[in-house]
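The values are calculated or read from the model by the stated rules, or taken from the named source; none is laboratory data. What you are looking at is a predicted structure, and each value in this text was computed from that prediction instead of being measured. No Cβ is skipped: glycine too gets one built from the backbone with ideal geometry, and neighbour counts run over all protein chains shown.
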Amino acid sequence: MKLDRLLAKHRGMGRKQARELIAAGSVHVDGILQDRHDVEVDRFHHVTTNAETVQAGQRRLFIMLHKPVGIVSATKDADHRTVIDLIDDPDKETLHIVGRLDRNTSGLVLLTNDGNWSKPLTHPEHKVPKVYLVETDRPIPPEAVAAFAEGFYFHTEDLTTRPATLEILSERKARLTLHEGRYHQVKRMFHRIGNRVVALHRESIGPVRLPADLPPGGWRFLDAREIEALRPQNPPISGDSLRRILKFPALAPGETSKFPENGDFGLASPR
């Protein structure tokens with residue numbers, strides 16, 4: 001939301017009057033004098049006019065949690081305890097989950113109230129790696145490594161899973177790295193090789209690992225380094241967005257875009 005629009009909304013004035021207030025040097029955003037009316041602000045910014053609070057600004061929350069087996073990845077559940085129930089913070093009701101885990105899966109869960117930060121983490125084009133420890137009820141055959149790297153076709157979704165890295169650690173234990181998140185994906189992939197997952201634990205999301213000293217049910221705030229490490233630097237650009245940026249005409253009904261949806265034109269990297 002533009003600053004002048006926020007002032008108009010909260011102060012019951014027109015946007016022209018709001019712009020005059022900004023130009024007069026009467027508006028501060030997060031304690032800094034702001035002379036631009038078109039600067040973007042959101043609910044986290046503290047905005048004042050003539051030292052009077054227009055918007056207090058919410059706290060930005062970035063949390064990691066060690067989800068135990070039996071806890072539901074949901075904000076509310078009538079029958080089971082949720083990850084939100086494990087958090088002791090006055091603003092926990094503002095949180096949403098970044099990458100859910102099944103009730104019987106343990107490990108790293110991220111929570112935040114900043115949708116601009118979390119959305120890229122779940123966007124399939126960013127291919128954020130997620131690493132899991134997997135235990136199975138039968139020995140894992142060596143040929144499973146190649147099968148996971150090739151991908152499995154899921155008839156229900158009519159898609160083939162992206163290449164995954166499977167590292168066999170012992171006869172019935174492996175480390176699996178995925179770059180996507182489908183419904184019960186790990187269990188379904190192992191089912192395709194005739195095996196069954198008996199225990200599943202998420203170790204990491206992107207560069208952030210679950211600390212060894214964070215016990216099941218424990219949580220802590222992410223530090224500044226972790227927050228920035230999880231923030232993608234180059235958001236993906238869809239074909240439609242690129243068309244608007246380049247000011248190309250809109251597609252006619254039934255016309256197929258010539259822009260690839262991932263923004264990849266196959267150009268060689270500069271040397």
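When you check LEU222 against the structure, is it touching a residue at least 40 places away in the same chain (Cβ under 8 Å) and in contact with a His (Cβ under 9 Å, 6 or more places away or on another chain), yes or no?
Answer is no for this residue.
Does GLY57 qualify as being touching a His at 6+ places or on another chain (Cβ under 6 Å), outside any strand (DSSP E or B) and at positive phi?
So GLY57 fits the description; yes.
If I ask for residues that are over 12 Å from the mean Cα position of the chain (by Cα) and surrounded by fewer than 15 Cβ atoms within 10 Å (Cβ to Cβ), which ones from the stretch 104-124 would you list?
ASN104, the sole residue that qualifies.
Given the residues ALA8, ALA51, ALA24, ALA56, which is the only one that is more than 30 Å from HIS201 (Cα to Cα), surrounded by fewer than 19 Cβ atoms within 10 Å (Cβ to Cβ), touching a Lys or Arg at 6+ places or on another chain (Cβ under 7 Å) and without any contact (Cβ under 8 Å) to a residue 24 or more places away in the chain?
ALA8
How many residues, within the stretch 157-175, are in a loop (DSSP other than H, G, I, E, B) and either free of Cβ contacts under 8 Å to residues at least 12 places away in the same chain or touching a Phe, Trp or Tyr at 6+ places or on another chain (Cβ under 6 Å) (or both)?
Total satisfying the criteria: 3.
Counting only residues that are more than 19 Å from ARG100 (Cα to Cα) and in contact (Cβ under 8 Å) with a residue 24 or more places away in the chain, which one in the stretch 176-204 is surrounded by the most Cβ atoms within 10 Å (Cβ to Cβ)?
PHE190
Within the stretch 176-194, how many residues are of a type outside the set (S, T, N, Q), under 19 Å from ASN104 (Cβ atoms) and outside any loop (DSSP other than H, G, I, E, B)?
8
Could we say that HIS10 is outside the structural domain of LEU222 (by TED's automatic domain parsing) and not in a loop (DSSP other than H, G, I, E, B) here?
Considered against the rule, which asks whether it is outside the structural domain of LEU222 (by TED's automatic domain parsing) and not in a loop (DSSP other than H, G, I, E, B), HIS10 comes out as yes.
Select the strands (runs of 3 or more DSSP E) contained entirely in the stretch 78-156, then report the ones holding at least 1 residues which are of a type in the set (Ser, Thr, Tyr).
106-112, 130-136
Tally the residues that are touching a Lys or Arg at 6+ places or on another chain (Cβ under 7 Å) and either assigned to a strand (DSSP E or B) or among the basic types (Lys, Arg) (or both), restricting the search to the stretch 27-48.
Total meeting the criteria: 1.
Please work out if THR49 is outside the structural domain of GLU171 (by TED's automatic domain parsing), modelled with pLDDT of 95 or more and touching a strand residue (DSSP E or B) at 6+ places or on another chain (Cβ under 8 Å).
no
Would you check if THR75 is buried (at least 18 other Cβ atoms within 10 Å of the Cβ), in contact with a helix residue (DSSP H, G or I) (Cβ under 7 Å, 6 or more places away or on another chain) and hydroxyl-bearing (Ser, Thr, Tyr)?
When the stated conditions are applied, THR75 does not pass them.
Looking at the stretch 62-72 only, could you name the residues that are surrounded by fewer than 18 Cβ atoms within 10 Å (Cβ to Cβ) and either under 21 Å from the mean Cα position of the chain (by Cα) or assigned to a strand (DSSP E or B) (or both)?
Result: PRO68, single match.
Just the residues that are under 17 Å from LYS130 (Cα atoms) and either touching a strand residue (DSSP E or B) at 6+ places or on another chain (Cβ under 6 Å) or of a type in the set (Ser, Thr, Tyr) (or both), please, taken from the stretch 148-168.
Scanning the stretch 148-168 gives PHE148, GLY151, THR161, ALA164, THR165, LEU166, GLU167, ILE168.
Considering LEU222, LEU214, LEU166, LEU210, which residue is surrounded by fewer than 18 Cβ atoms within 10 Å (Cβ to Cβ) and of a type in the set (A, V, I, L, M)?
LEU214
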